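Peer 1: One structure follows; several queries about it will come next.
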Amino acid sequence: QVQLVESGGGLVQAGASLRLSCAASGRTFSSYTMGWFRQAPGKEREFVAAISWSTSGTYYADSVKGRFIISRDNAKNTVYLQMNSLKPEDTSVYYCAAGQLRLGVRRTGDYDYWGQGTQFTVSS
């Protein structure tokens with residue numbers, strides 16, 4: 001099994017950059033697809049980005065494409081989300097997720113494990 005802990009949230013000005021980290025425990029981290037989701041109050045959990053187990057494939061929501069970059073370091077059991085050109089609408093709780101043996105990457109049902117979330121706020 002995998003345990004996930006997000007970090008790097010906080011408050012930042014619009015237009016700035018910030019990197020979120022997700023530290024994973026478990027012996028099979030490298031075999032998991034890793035994803036980032038976000039959920040604002042009263043809204044459904046929204047796909048942000050994902051990276052395949054081989055690191056050869058990355059996937060992004062249209063709302064963040066060109067601004068956010070997902071990466072992973074399997075040796076450190078860590079996945080990152082580099083966020084650039086931040087906008088107030090990026091404000092949310094961000095969740096890290098890990099999935100195995102799934103065909104997709106954009107749905108919550110594609111993932112088996114979830115972190116507790118980290119709050120990220122962008123001020124205008």
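Peer 1: Among all residue pairs at least 6 apart or on different chains, which show Cβ distances below 8 Å where the first residue, located in segment 27-45, is of a type in the set (Lys, Arg) and the second is at pLDDT 95 or above and in a helix (DSSP H, G or I)?
Peer 2: Listed by first residue and then by second, the contacts come to Arg38/Asp90; Arg45/Thr108.
Peer 1: How about segment 42-98: which strands (runs of 3 or more DSSP E) wholly inside it have at least 2 residues that are closer than 16 Å to Gly9 by Cα? Steps first, please.
Peer 2: Numbers: elements: 46-51, 58-60, 68-73, 78-83.
In segment 42-98, 68-73, 78-83 are the strands (runs of 3 or more DSSP E) which contain 2 or more residues that are closer than 16 Å to Gly9 by Cα.
Peer 1: Let me ask something else about it. Residue by residue through segment 81-108, note down the ones that are open to solvent by 40 Å² or more (accessible area, probe 1.4 Å), under 20 Å from Ala40 (Cα atoms) and not β-branched (Val, Ile, Thr). Can you show your working first?
Peer 2: Restricting attention to segment 81-108, the residues satisfying the condition of being open to solvent by 40 Å² or more (accessible area, probe 1.4 Å) are 82, 84-85, 87-89, 91, 100-103, 106-108.
This time we only want the ones that are under 20 Å from Ala40 (Cα atoms), so: 82, 84-85, 87-89, 91, 106-108.
Within segment 81-108, Gln82, Asn84, Ser85, Lys87, Pro88, Glu89, Arg106, Arg107 qualify.
The values are calculated or read from the model by the stated rules, or taken from the named source; none is laboratory data. These numbers come from a predicted model, not from an experiment. Cβ sites come from the backbone with ideal geometry, for glycine too, and all protein chains shown count toward neighbours. Ligands, DNA and RNA are excluded from the accessible area calculation, which covers all protein heavy atoms including side chains. Shrake-Rupley method; radii C 1.70, N 1.55, O 1.52, S 1.80 Å.
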